[in-house]
Amino acid sequence: MSDCLKIFCENTGEYVDIRGGETLLEIAGRIGHDRLGLKYREICALVNNKNEPLRYQVFAPKMVRFLDRGAASGFRVYTRSLCMMLYCAVREVVPEARLRIVHSISGGWYCRLFVPDTEQEKEVPLPVDASLLDRLYGAMRDLRDRDLPFDREERLTGDIIGKFREEALFDKVTLLETVHELYTTVYRLNATLDSYYGALAPSTGVIDTFSLEPYKKGFLLLGVDRKNPDIPAQPVTQEKMYEAFNENLRFNRIIGVSNVGELNKAVLSNRTAQLINVAEALHDKKIAAIADEIARRYHEGGARVILVAGPSSSGKTTFTKRLAIYLLTNLLQPEMISLDNYFVNRDKTPRDETGDYDYESLYALDLPQFNADLTALLRGETVDMPTYNFELGQRQYKGDRLHIGPNTILLLEGIHGLNPELTASIDEKMKYRVYVSALTTLSIDDHNWIPTTDNRLLRRIIRDHKYRGASAIETLRRWPSVRRGEERWIFPYQENADSTFNSSLIFELGVMKDYGEAILRDVPNDCPEYAEAYRLRRFLRYFQPIGEKSIPPTSLLREFLGGSSFRY
């Protein structure tokens with residue numbers, strides 16, 4: 001082995017001699033799994049802080065960290081590889097069917113099968129029964145047991161378009177025709193060709209844990225449980241989320257934009273103003289309907305306390321301000337209460353697993369005092385309202401008093417609004433809960449989707465950079481902690497909502513493209529956050545840029561881009 005070429009393996013903290021052209025898989029095999037310190041088989045690697053497949057060949061000195069399915073990047077590789085195995089199984093079991101992996105829900109990925117109907121000259125859903133699922137699962141299990149390679153190829157885009165057109169993968173054809181890349185990376189598994197926007201596993205044997213479950217009109221593809229990657233994920237009930245997803249899909253079909261390729265075509269044909277106007281009108285209509293329902297319940301003797309909750313960068317603040325306007329048109333007087341003013345003094349603030357103050361914990365709030373004040377207000381009493389001094393870490397009283405009169409409604413925005421413990425002393429009839437989140441975004445194509453968490457992350461990166469003086473590095477570094485807080489304090493209570501508001505806008509990733517790319521390019525290659533910045537930049541390249549001049553000042557997106565008519 002030549003001493004001239006070395007990589008630095010972050011897993012072992014040592015330099016490793018390599019031959020030029022060796023794959024990461026071969027290098028990992030020589031180092032030895034035990035020395036890499038991974039619980040599961042290595043599935044991908046960070047090479048100079050960029051996620052690469054293990055069949056990546058090394059020709060120069062690199063810094064390498066091998067990852068397994070337990071890492072965030074490894075989990076994504078596992079999921080993409082599982083999707084290709086499912087597609088390959090569909091090609092084998094029902095070759096005439098079109099597979100659509102619609103969106104993530106209920107702990108997995110909701111999948112539908114469609115077949116051509118020559119009489120109607122369109123596609124129709126293929127019913128999915130237990131027998132068909134058994135056959136698909138059996139084909140996937142066979143792929144796993146054969147440990148077949150995911151072969152990566154980089155070909156001229158024109159050649160790939162021709163191949164996809166032959167396979168009737170017209171969603172991929174439209175995308176590639178509107179992205180205008182000279183070369184396209186594809187994967188081949190057992191003679192099946194497909195494209196994914198990130199790395200796949202070295203072989204099917206690594207993808208050893210999965211299941212298929214019937215769900216609604218299709219089925220769920222379930223990968224590994226994120227908290228325990230030894231077992232398949234278990235379905236969770238998300239009926240309200242499902243209805244929100246379906247509503248979005250119906251809207252997309254009506255306007256003729258169901259994936260990124262179709263969005264790009266709309267941009268290139270100057271339809272963006274129409275898309276923006278229709279999407280904003282849909283938001284208006286939904287907010288007005290929620291306000292009407294609150295008013296109806298109020299006049300029936302309930303809904304005195306409106307709780308607006310949702311994860312980070314979901315647009316809760318703008319939603320709440322717009323809801324307040326529609327409540328006024330219903331002759332109700334909204335009175336805002338900030339949950340931040342009920343933080344406990346800093347010496348009583350709980351800490352997270354890293355020892356930092358955990359302001360996202362429910363118990364960072366003074367629940368007894370908060371409930372006592374709400375109860376007193378609902379009885380018609382005048383209450384001294386606190387403020388919280390973040391510099392001193394103390395709650396203070398400065399003479400602010402609140403009394404609610406006839407037709408007054410209390411409006412509270414915060415991440416814990418759906419948690420029953422927040423307002424345990426308040427009669428359920430008096431509460432109306434709204435869950436706000438970017439629940440859906442466009443699919444890239446039938447087999448690739450953009451996680452809604454990425455949508456929110458981009459919003460936050462842009463907002464933090466524009467208004468809070470925070471770099472993309474700081475936002476990316478903080479994001480895993482934010483996500484852990486959401487998983488613990490928000491997502492388990494989604495189904496408690498009386499109404500669900502999907503804050504995503506069909507055009508927003510095109511609008512955020514130029515903003516996001518510019519900010520993410522400032523993340524240097526020599527910091528760990530570069531891997532995530534690079535990944536986000538890669539999927540933004542699929543979008544044609546959309547100008548923001550047609551976006552109204554009341555748009556929820558203005559909360560992140562600027563130019564809003566609301567004060568924050």
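Quick notes on this structure:
- Within segment 323-363, considering residues that are among the charged types (D, E, K, R) and in a strand (DSSP E or B), the one nearest to ALA303 (Cα to Cα): GLU335
- Test: residue in segment 168-182 that is in contact with a helix residue (DSSP H, G or I) (Cβ under 6 Å, 6 or more places away or on another chain), within 22 Å of PHE114 (Cα to Cα) and surrounded by fewer than 21 Cβ atoms within 10 Å (Cβ to Cβ): yes
- Out of GLU421, GLU474, one residue alone is modelled with pLDDT of 95 or more and surrounded by fewer than 14 Cβ atoms within 10 Å (Cβ to Cβ). It is GLU421.
- Selection of strands (runs of 3 or more DSSP E) fully inside segment 101-190 by the criterion of at least 3 residues being within 30 Å of GLU243 (Cβ to Cβ) and touching a strand residue (DSSP E or B) at 6+ places or on another chain (Cβ under 7 Å) returns 108-117, 122-125.
- Matching residues, segment 216-262, being closer than 25 Å to PHE170 by Cβ, over 20 Å from the mean Cα position of the chain (by Cα) and aliphatic (A, V, I, L, M): ILE254, ILE255
- Any chance ARG297 is of a type outside the set (Asp, Glu) and at pLDDT below 95: no
- Selection within segment 347-375: residues that are over 32 Å from the mean Cα position of the chain (by Cα) and surrounded by fewer than 16 Cβ atoms within 10 Å (Cβ to Cβ). The member of this set that is farthest from MET430 (Cα to Cα) is ASP347.
- Among the residues of segment 17-34, those identified as surrounded by 17 or more Cβ atoms within 10 Å (Cβ to Cβ) and farther than 19 Å from ALA199 by Cβ are ILE18, ILE31.
- Complete set of residues in segment 529-551 that are more than 23 Å from LEU176 (Cα to Cα), of a type outside the set (A, V, I, L, M) and surrounded by 15 or more Cβ atoms within 10 Å (Cβ to Cβ): GLU529, TYR530, GLU532, GLU548, SER550
- All positions within segment 38-67 that are touching a Gly at 6+ places or on another chain (Cβ under 8 Å), within 18 Å of ARG535 (Cα to Cα) and either part of a helix (DSSP H, G or I) or free of Cβ contacts under 8 Å to residues at least 40 places away in the same chain (or both): LEU67
- LEU282 satisfies every condition listed in (1) closer than 17 Å to PRO552 by Cβ; (2) buried (at least 19 other Cβ atoms within 10 Å of the Cβ) except (2).
- Number of residues in segment 535-568 that are among the aromatic types (Phe, Trp, Tyr) and out of contact with any Leu (no Cβ under 8 Å at 6 or more places or on another chain) equals 4.
- Against the conditions (1) β-branched (Val, Ile, Thr); (2) outside any strand (DSSP E or B); (3) more than 33 Å from the chain's Cα centre (by Cα), THR387 satisfies every one except (2).
- Residue within segment 522-539 that is within 21 Å of ILE287 (Cβ to Cβ), under 20 Å from the mean Cα position of the chain (by Cα) and modelled with pLDDT under 95 present: no
- In segment 210-228, residue surrounded by the most Cβ atoms within 10 Å (Cβ to Cβ) [restricted to those that are among the charged types (D, E, K, R) and over 17 Å from CYS83 (Cα atoms)]: LYS216
- Residues that are in a loop (DSSP other than H, G, I, E, B) and either more than 11 Å from PHE59 (Cβ to Cβ) or under 32 Å from the mean Cα position of the chain (by Cα) (or both) within segment 18-37 comprise GLY32, GLY37, listed in sequence order.
- The single residue among ILE231, ILE207 that is of a type in the set (Val, Ile, Thr), crowded, with 19+ Cβ neighbours inside 10 Å and modelled with pLDDT of 90 or more turns out to be ILE207.
- Pair list, Cβ < 7 Å and 6+ apart or interchain, from segment 236-262 residues that are under 14 Å from TYR110 (Cβ atoms) and modelled with pLDDT of 85 or more to residues that are assigned to a loop (DSSP other than H, G, I, E, B) and charged (D, E, K, R): TYR242/LYS216
The values are calculated or read from the model by the stated rules, or taken from the named source; none is laboratory data. Keep in mind that what you see is a predicted model, and the values were worked out from it rather than measured. Every residue, glycine as well, gets a Cβ built from its backbone with ideal geometry; the counts of neighbours run over all protein chains shown.
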